[in-house]
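**Student:** Once you've had a glance at the structure underneath, I'll fire off some questions.
The values are calculated or read from the model by the stated rules, or taken from the named source; none is laboratory data. Quick caveat, the model's predicted, so the values are computed rather than measured. As a convention, Cβ positions derive from the backbone with ideal geometry for all residues, glycine included, and neighbour counts pool all protein chains shown.
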Amino acid sequence: MATLQKRETYLEAILKQGYSRRDFMKFATFIAAYMGLEQSAIGQVAKALEKTPRVPVIWEHYQECTCCSESFIRSDHPIVADIILDKISLDYTETLMAAAGEQAEAAKHETMKKYHGEYILCVEGSIPLGDDGNYCCIAGRTALDQFKEAAEGAKVIIAWGSCASNGCVQAAKPNPTEATPIHKIVKNKPIIRVPGCPPIGEVMAGIIVHVVTFGKLPELDGKMRPKAFYSKRVHDSCYRRPYYDAGLFAESFDDENAKKGYCLYKVGCKGPMTYNACGVIKWNNGVSYPIQSGHGCFGCSEDNFWDNGPIYERLTAIPGFGIEATADKVGKTALGALAAGVGIHALATTIAKRKQVKRNVNEGVENLQDLES
């Protein structure tokens, strides 16, 4: 850790870039909220970023389309991209760094040597194992060799996006390049999988800040995904969920039900089987996400989503409702429950009215008897 003390802290770098202390505190509040931390933890995040020397980051690119980097630099808070990624920590990335060729590779190897055991290795893209790895070569070496070398001295490895996390479309059958996710290649290092095509920029920033703030991995699920962002299904936070529960579905993208905003399950939405924070954090400065834009979720953060059936066909079964339950059955059950509820309400209303009528009749009879007496 002694070598890290020579690096400026996150706060020092933020102030050097022209941001104010107020901007810094706003960022700490912003990122703590996205990390799902309580308000009392904001001070802890701020203190860590104020005192902690910036952690070196090496960001490798293999078989991918760079959408993860694009998502990160388009976060709705400028400090995320301008400070956490571009200005503070990024020691190497083929996509964003100004250096190229031998100069770029020399910078990476200097970081790997000087900060051995301390740097974060971010990986964007799957790694091809076919044809001895020759489908993806960088600086005359295969992606496989480059990854193993960089992983050896990493403190933690973050698999950005579905390519690095599960192989993504490159691994679709028949997978000619033998595209492979990184956790199947290196098994002796802490790995955080952040699937999505791409993952949300604020999610990516939150994970890096968590490692910096607490010096350890965030709580992960059984698939090595951060629970703060992958513990709930897209279906659970979907604003169209009430229509699903009521059995109201769009049958096609241009029918009247679609225009009314009904559930998109029948046109292929995979929200009921997809774990992600899309419906909560959203995209483009929190404006929208695919379902809100009128397109069903196609499960890009789940393993093998490319081979899990056609995108625009309904699921045959939905986890969480029993093995034999289909969305149609769930919808019909919900609709039946709704009808039953209406019937019960009507019956209760009728009974109440009868009781009131009986009371009125009895009171009328009593009043009549009083008058007669």
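**Student:** Out of G201, G206, G153, G196, report the one residue that is closer than 21 Å to G117 by Cβ and among the small types (G, A, S). Give the derivation first.
**Tutor:** Working: G201 fails: closer than 21 Å to G117 by Cβ; G206 fails: closer than 21 Å to G117 by Cβ; G196 fails: closer than 21 Å to G117 by Cβ.
Sole residue among the options that is closer than 21 Å to G117 by Cβ and among the small types (G, A, S): G153.
**Student:** Which residue pairs have Cβ atoms under 8 Å apart, sit 6 or more places apart or on different chains, and have a first residue in segment 121-150 that is outside the structural domain of N188 (by TED's automatic domain parsing) and a second that is outside any strand (DSSP E or B) and not acidic (D, E)?
**Tutor:** The qualifying pairs do not exist here.
**Student:** Report yes if some residue within segment 223-233 is in a loop (DSSP other than H, G, I, E, B), hydroxyl-bearing (S, T, Y) and farther than 19 Å from L144 by Cα; otherwise report no. Give the derivation first.
**Tutor:** Within segment 223-233, the subset in a loop (DSSP other than H, G, I, E, B) is 223-225, 231-232.
With hydroxyl-bearing (S, T, Y) added as a condition, the list becomes 231.
Those still in the list that are farther than 19 Å from L144 by Cα too: 231.
Yes, the conditions are met somewhere in segment 223-233.
**Student:** Shifting gears a bit: Return the pair list, or none, for Cβ contacts closer than 9 Å from residues in segment 213-226 that are not assigned by TED's automatic domain parsing to the domain that holds K189 to residues that are small (G, A, S) and assigned to a loop (DSSP other than H, G, I, E, B), at least 6 apart or on different chains.
**Tutor:** none
**Student:** Next question, about the same structure. Suppose the filter is outside any helix (DSSP H, G or I), of a type outside the set (F, W, Y), at positive phi and at pLDDT 85 or above; does G18 pass it? It would help to see each step written out before you state the result.
**Tutor:** On the way: outside any helix (DSSP H, G or I): yes; of a type outside the set (F, W, Y): yes; at positive phi: yes; at pLDDT 85 or above: yes.
Taking the combined requirement at face value, the residue satisfies it.
**Student:** I've got another one for you. Mind listing whichever residues of segment 38-47 are closer than 16 Å to P218 by Cα and crowded, with 20+ Cβ neighbours inside 10 Å?
**Tutor:** Matches in segment 38-47: V45 only.
**Student:** For V169, state whether it is in contact (Cβ under 8 Å) with a residue 60 or more places away in the chain, of a type in the set (A, V, I, L, M) and either out of contact with any strand residue (DSSP E or B) (no Cβ under 6 Å at 6 or more places or on another chain) or over 30 Å from Q292 (Cα atoms) (or both).
**Tutor:** Details: in contact (Cβ under 8 Å) with a residue 60 or more places away in the chain: yes; of a type in the set (A, V, I, L, M): yes; either out of contact with any strand residue (DSSP E or B) (no Cβ under 6 Å at 6 or more places or on another chain) or over 30 Å from Q292 (Cα atoms) (or both): yes.
Spelling it out, V169 is indeed in contact (Cβ under 8 Å) with a residue 60 or more places away in the chain, of a type in the set (A, V, I, L, M) and either out of contact with any strand residue (DSSP E or B) (no Cβ under 6 Å at 6 or more places or on another chain) or over 30 Å from Q292 (Cα atoms) (or both).
**Student:** So, of the residues in segment 240-251 that are more than 22 Å from the chain's Cα centre (by Cα) and surrounded by fewer than 20 Cβ atoms within 10 Å (Cβ to Cβ), which turns out to be nearest to A228 (Cα to Cα)?
**Tutor:** Out of the qualifying residues, it is P242.
Conditions (1) touching a strand residue (DSSP E or B) at 6+ places or on another chain (Cβ under 8 Å); (2) farther than 26 Å from G43 by Cα; (3) surrounded by fewer than 22 Cβ atoms within 10 Å (Cβ to Cβ), marked per residue:
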residue	(1), (2), (3)
N188	no, yes, yes
A205	no, no, no
L217	yes, no, yes
K223	yes, yes, yes
F253	no, yes, yes
M273	yes, yes, yes
V280	no, no, yes
G294	no, yes, yes
